[in-house]
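J.: One structure follows; several queries about it will come next.
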Amino acid sequence: MNRFNVAVPVDEYLSDSNVLFYLSDAVTQLLEHKEEYTQFGVVRYFAEYFSSVKNSNHVLFREYNYIKATPHNRASFIRVFWRCYRQIGKSGDLLSMHEYRSLLQLLCPDFPAEMVQSAARIVLMDDAIDCLMSFSDFLYAFQLQFYYQEFLDSVLVIYQDLLSGKSPNTVIVPTSASIEQLPSVAAEENEKEEQQQDGVESSTLAQCVDDLCDRFKLSHPPRSCMREALEQVDKVSYYSFLMSMAKHETINQTIGALPSKAELLIDPEMDQELDKLIAQISVSPGSNSSGSAVGALKEVQRKASPRRNIHHRRRMEVESDGSTEETDSSEN
């Protein structure tokens, strides 16, 4: 939406941009930590808060309810996760679901395990979620699951209804006749298991998903992308459908948090900083190698990692010197 479009009603703009949400959070953080933040000045506090929101640094170390509260927050957290752990993908390491969960909880301490499990199931096709995954596979699956969580949950309900033979979007009310038929349910278990392995008719699921988009008020993937993924096969399982969407470049561009897979491990700015620090360590005369390494690590974290927003409760050791690029520039 064009923020300068005068034809857009004020209420609609405020709702779509989530300005009131961020303003409320900024005031709440200020009141809870008044003594800490008033020393900077209230005007500077609000300027830095909204600057961090604009630069997508505001979600670092925040609680889960905050990082999932808006589409911008979700996209920002996805980008932060990629920037912080890109080196894992560059080194080619394979990690388990529990290891990815630990990495996520370093950025968001109360990040739920269920979200990580759901992303892992997309990669592993619901087989064995304790298998190892590459960084890129997990990252794009996590992006899809985290950004479109509510929509995917609704799609899963529809998929399960189709598997069980129920008509989606309808409510089944138990009757005495249906209760009498319960013994036959046990006899159909084998047939249902076979159906679950094969999936459902792609055309039927596509129509149900299209109807869902008509009434869904939150974010959902572009209809054309979902239709394209479902037209490739006659039958589709839930997780194979999600895997196709996770790999879809148009969906990735729509979210806008990650580069294409070909450019995922390329970050010239961060690589330049690392090269400079390595060069400083190697040519520093008479310096203690371990001490230099620790100092270099802190410098990488300060420059390359997203900056901690001013309203976070805890003081991190890497910011003990109180210097950041944004703060320095604001003081000049």
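The values are calculated or read from the model by the stated rules, or taken from the named source; none is laboratory data. As the structure is a computational prediction, the values presented were derived from the model and not from experiment. Neighbour counts run over all protein chains shown; Cβ positions are idealised from the backbone, glycine included. Areas reflect the complete protein model, heavy atoms only, side chains present, ligands, DNA and RNA absent. Shrake-Rupley method; radii C 1.70, N 1.55, O 1.52, S 1.80 Å.
J.: Compare the peptides 201-212, 35-46 by average per-residue count of other Cβ atoms within 10 angstrom and give them in order, highest first. Don't skip to the end; give the middle numbers.
T.: Numbers: 201-212: 16.9, 35-46: 13.1.
Highest to lowest by the protection proxy: 201-212, 35-46.
J.: Further, regarding this structure: Averaged per residue, what accessible area in Å² does segment 10-55 show with a 1.4 Å probe, protein chains only?
T.: 63 Å²
J.: For Lys90 paired with Ser51, estimate the spin-label separation in nm (one decimal), with each label point 7 Å from Cα along the Cα-to-Cβ line.
T.: So the label points at Lys90 and Ser51 sit 2.7 nm apart.
J.: How big is segment 60-135 along each principal axis, measuring the range of its Cα positions in Å and listing the largest first?
T.: The Cα atoms of segment 60-135 stretch 31, 26, 19 Å along the principal axes, largest first.
J.: How large is ³J(HN,Hα) for each residue in segment 109-125, as worked out from phi by the Karplus curve 6.51 cos²θ - 1.76 cosθ + 1.60 (θ = phi - 60°), to whole Hz, x for Gly and Pro?
T.: x, 9, 5, x, 5, 4, 5, 5, 4, 5, 5, 5, 5, 5, 5, 8, 6
J.: State, in angstrom, two size descriptors of segment 10-55 derived from its alpha carbons: Rg to one decimal place and Dmax to the nearest whole number.
T.: 11.8, 36
J.: Another one. For a 24 Å ceiling on Cα separation, which of these pairs sit above it: Lys68/Lys247; Lys90/Lys247; Lys68/Lys217; Lys166/Lys235; Lys90/Lys235; Lys54/Lys247?
T.: Over 24 Å Cα-Cα: Lys90/Lys235; Lys54/Lys247.
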